[in-house]
Amino acid sequence: MFFAKPGIYEACGIFSKGHIVLFTFMIIGIWIALYYTNKKSKDEVQQIIKNCTIFLWILEIIKILFNIVIGNINNPNSYIPLYYCSLILYAGLFSSFSKGMLKRVGDIFIATGGIVAGIWFTLAPLTSLTVYPVFHYISIQSFILHGTMIYLGLLVNITHYVEYDKKDFKYYFWLIIAIGILAYIVNLILDTNLMFISKNYPGTPIEVLYNFLGKLYPYIAILSQAIIPFFVILELKENISFSRVIKKIQSVTEERVNSVD
């Protein structure tokens, strides 16, 4: 089952028991990771980002090889990492192994877009749980990927590894625009729907927007991804303290542990 072809086993489905199980384990994993790393130094956080990036790339390569081995090579949508959620792979490389502007680009995406992408997918895992059973490599890999995105995003905000404001929007914006244009070109050549910007996705909220916007859909789809996530997280950052929330939860947890003892 773990590496079965799609269609052999019944798909897990969205908001199913399997979905809830994966989501619950992901939340527990994020909490445990933050509990033990929220006081790390900037050098330690940078090493965590680097380690996570390498790990996520290993999982992504396995995913690509899996799709090629099972005969999905004619379906590039299933293995070309050019989706909004795939940007953590490139942002992680920029943040870990670059300097100057490229490092800033990576840091800003991790701190903002990564959180939004991670939360959105784990609530609506359309590309994994609608195709594969819960205990399948693709299903588990997708939740590890998106859970890590949420974890790293919260971590860099909590530890103040990345400080940012509206002036940093340009770093986020041009990364999404560049990847969006690249994805659009690949879509034209290979007839794919990378970044979900070129075709309809029936049965999802994308279908409503696609039918309503018509020919404007690709441009609005790219721009919405290039604008909304950054300002959503910036607004949250300016109105709540990520570190204060974590410390409050941590203190409550410690009180409960002490009361049990």
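The values are calculated or read from the model by the stated rules, or taken from the named source; none is laboratory data. For clarity, every value in this text was computed on a predicted model and none was experimentally measured. All Cβ positions, even for glycine, are placed from backbone atoms using ideal geometry, and neighbour counts span all protein chains on display. In case anyone asks, the SASA skips ligands and DNA or RNA and just uses the protein heavy atoms, side chains included. Shrake-Rupley method; radii C 1.70, N 1.55, O 1.52, S 1.80 Å.
Observations, loosely collected:
- Average Cα contact separation per residue, segment 60-188, under 8 Å, 6 or more apart, as relative contact order %: 24 percent
- Accessible surface computed residue by residue for the chain, with neighbouring protein chains in place and a 1.4 Å probe, gives 52 Å² per residue.
- Relative packing of peptides 75-82, 117-124 - highest average C-beta neighbours within 10 Å first: 117-124, 75-82
- Within the listed set LEU234, LEU216, LEU129, the Gaussian network model of the chain (springs between alpha-carbon atoms below 10 Å) gives the highest mean-square fluctuation for LEU216.
- Violating pairs (Cα-Cα greater than 28 angstrom) within the set LYS50/LYS170; LYS167/LYS199; LYS40/LYS237: LYS167/LYS199
- Highest mean packing comes first when the peptides 135-142, 43-50 are listed by Cβ atoms within 10 Å, giving 135-142, 43-50.
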